[in-house]
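Here, each number is a calculation from the coordinates, and none is a lab measurement. Every value quoted in this text rests on a predicted model; they were computed, and no experiment measured them. In this analysis, Cβ positions are derived from the backbone assuming ideal geometry, glycine residues included, and neighbour counts consider all displayed protein chains.
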Amino acid sequence: MILTDQQILQSMEIGEIKVEPYRHECLGSNSYDVHLGKTLALYVDNVLDARKHNQIKTFEIPPEGFVLEPSQFYLGVTEEYTETKAHVPFLEGKSSVGRLGIDIHATAGKGDIGFCNYWTLEISVKQPVRVYAGMPIGQLIYFKVDGDLITPYDQKKSAKYNQKTALPVESMMWKNKF
């Protein structure tokens, strides 16, 4: 079951959901809008290796915006820091963003209970499009869960994305054993 605006607010009041900065106008009927942070990143190497720590280079989006190119894969970040202590958060692109040909995630649209961080975005575009820091980019939808949780994400020893950062985070696949 998806939380309504009233349920999202109630969950915020009791500390189950946190969004910083919080803006009431971003609260939808059953979602919360998030915005593109000021930093984007590109991988340094053209060929990525799943067993290697692939390095990224970050840069800030200038005030006049930045043109994303279809031949590139970008990592972005949300302007908002979020915490989810009792619900499963899903990040989806806003329809207005999709209609510009922007995809904000390749596969990582679902968070885990206990995820406490900024969201790294996996951005690709269908044609060149200029983006701006602070533009609406996605919406968080919160799902209720059924059953007790053994270990929240922020307490898992194997969690790879717990270090709080307002910068895009590269793949940590290399930390897996395979």
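Things to note:
- Rounded to whole numbers, the Karplus 3J(HN,Hα) couplings from phi for the range 63-75 are x, 7, x, 9, 8, 7, 10, x, 7, 10, 10, 10, 9 Hz, using 6.51 cos²θ - 1.76 cosθ + 1.60 with θ = phi - 60°, and x at Gly and Pro.
- Partner aspartates and glutamates whose Cα lies under 18 Å from the Cα of Lys94, excluding those fewer than 8 positions away in the same chain, are identified as Asp5, Glu25, Asp33, Glu79, Glu80, Asp103, Glu122.
- Peptide ranges 110-120, 65-75, 128-138 listed from the most packed, as the mean C-beta count within 10 angstrom indicates: 110-120, 128-138, 65-75
- For the range 72-117, the pair-distance distribution built from all alpha carbon pairs, in bins 5 Å wide starting at 0, is 5, 18, 24, 26, 15, 9, 2, 0 percent.
- Taking the chain and dividing mean pair separation by its residue count, relative contact order in percent (alpha carbons under 8 Å, at least six apart): 30
- Using a Förster distance of 45 Å, the FRET efficiency for Phe73-Asp148 (Cβ separation, nearest 0.05): 0.75
- Full-extension gain in nm, Phe178 to Met12, via 0.36 nm per residue minus C-alpha separation: 55.8 nm
- 5 angstrom amide H check on Val129, placed H, neighbours 5+ away: Leu68
- Expressed per residue, the C-alpha convex hull volume of the chain stands at 127 Å³.
- Cα centroids of the range 83-108 and the range 1-80: 8 Å apart.
- Rounded to two decimals, the Cα radius of gyration of the range 88-157 over 2.2 N^0.38 Å is 1.32.
- Local electrostatic count at Asn54 - Lys and Arg +1, Asp and Glu -1, tallied over other residues with Cβ under 14 Å: +1
- Percentage relative contact order, the range 82-178, counting C-alpha pairs under 8 Å, at least six apart: 35
- Pairs from the list Lys126/Lys177; Lys52/Lys144; Lys126/Lys160; Lys38/Lys160 with a Cα-Cα gap above 32 Å: Lys126/Lys177; Lys52/Lys144.
- Chain lengthening between Arg130 and His53 when straightened (0.36 nm per residue, less Cα-Cα): 24.8 nm
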